[in-house]
1. Using unit Cβ charges (K, R positive; D, E negative) and no other charged atoms, how large, in debye to the nearest 20, is the dipole of segment 89-144 about its Cα centre?
2. State the percentage of accessible surface on segment 89-235 attributable to carbon and sulfur atoms; use a 1.4 Å probe and exclude ligands, DNA and RNA.
3. Carbon and sulfur: what percent of segment 251-362's accessible surface (1.4 Å probe)?
4. What residue among Leu85, Leu106, Leu329 has the largest mean-square fluctuation in a Gaussian network model of the chain, using Cα springs under 10 Å?
5. Which of the cysteines found in the chain have nothing to pair with, since no other Cys Cβ lies under 4.7 Å from theirs?
6. Which value in Å does the Kirkwood hydrodynamic radius of segment 99-152 take, with 1/r averaged over all unlike C-alpha pairs and then inverted?
7. Which FRET efficiency value, to the nearest 0.05, do you get for Leu106 and Glu55 by plugging their Cβ-Cβ distance into 1/(1 + (r/R0)^6) with R0 = 25 Å?
8. Along the charge dipole of segment 165-309, which of Leu167, Gln246, Leu183 sits closest to the positive end, that is, farthest toward it, with unit charges on the beta carbon of Lys, Arg, Asp and Glu (+1, +1, -1, -1)?
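The values are calculated or read from the model by the stated rules, or taken from the named source; none is laboratory data. Quantities reported herein were computed from a predicted structural model and do not represent experimental measurements. Because the Cβ atoms are built from the backbone with ideal geometry, glycine has one as well, and the counts that use them run over all protein chains shown. Accessible surface areas use protein heavy atoms only, side chains included; no ligands, DNA or RNA. Shrake-Rupley method; radii C 1.70, N 1.55, O 1.52, S 1.80 Å.
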Amino acid sequence: MSAVDGNGNGSLSLEGRASIAHVTDAWYVLSSSEELRDRPLARTLLGSPLVLFREAGGSPAALLDRCAHRNVPLSLGRVTSDCRLECPYHGWQYDGRGDCKRIPGLLGSPELPRRAVASHAAIEQDGLVWVYATAGVEPDSAPYRLPALDKPGYTSVRRTVEVEATLHATIENALDVPHTAFLHKGLFRGAGKVNTVRAVITRDDHSVTTEYVGEPRPEGLVGKILSPSGGTVTHFDRFILPSIAQVEYAIGEENHILVTSLCTPVEDFRTRMVAVVTFRTRFPGWLIKPFIDPVAMRIFRQDAAILKRQTDAIRRFGGESYTSTEIDLMGPQILRLLRRAERGKGAKEGDDEYRREVDLEV
Ligand code: FES
Ligand SMILES: [Fe+2]
């Protein structure tokens, strides 16, 4: 693509100049359980077209969305009564491993390695379909387990949204505290007096955590619903490789809220996010549920709009030109872990432990 640089001239390629990470040794959420029924479902993961369907017995399968014969997308076909994926052109049929099981009109066995399509490991867990990003491997890890989902007293709300931004920008946004008082002023923070809190940032080989110490209850709408009487807050923000952003709040004994955003890099500048809000409050869950959705969606729309503007500018200028301060707590650390994970298993730099304390106003 052609673009201008920071001085308003030149033609630059975007490659290598944006925080784009392709972590392929990893599980990503590709659909909810309800979305995957008796029809093939087209999805894109890291720019690669995939098709999901249910095998015999109902377990999910994921194949490259390209018929081995003449490359028609298999997602345009159908799932047969014996749970094979059938191409809509000449009717080749595939099983969940991608092996060709039937070729209409062909005498003799249809099954040959060159007639197979690549398959990805797929697992259904917590009402979600997870797919491993590298084809043809048996993963030695399991997908992330959503915490507190089945705990007594907890209620969950989930929403799937898409953002026109890199995975890194999306996750940074989900875990970035300073913008909440500004972009979301009044909704979450920024409605009352300013407080100085201490942030303790730690990083290990698969996660980055920020703990906020001495944070008063946010003055905005969400805080007021949760704890009208105020009080101090326990607050953790976490990034978990490869693509999970989690915000955890506890206010007093009764109120506990976890917002877990399971992100999927669809394309370099498109990220899908399943946001799962799991909470226990002093009110019954059914009473709180209707309040969470509109507030969360309003916050999300503001984030999605600003992230799109960020992406537009990065594209127009042909790359990122970021400057961070010490209150950009998570973004640089997240990128560091993503870059390391991108290089594959066992990539170590000898600096796995990291800890820093920063005071900031919220
Ligand atoms: S293109 Fe799929 S069967 Fe021919
Ligand atoms: Fe936000």
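1. That gives a dipole near 420 debye.
2. The C+S portion of the solvent-accessible surface of segment 89-235 is 53 percent.
3. 53 percent
4. Leu106
5. Cys83, Cys100, Cys263
6. Computed over Cα pairs of segment 99-152, the Kirkwood hydrodynamic radius comes out at 14.3 Å.
7. With a Förster radius of 25 Å, E is 0.60.
8. Leu183
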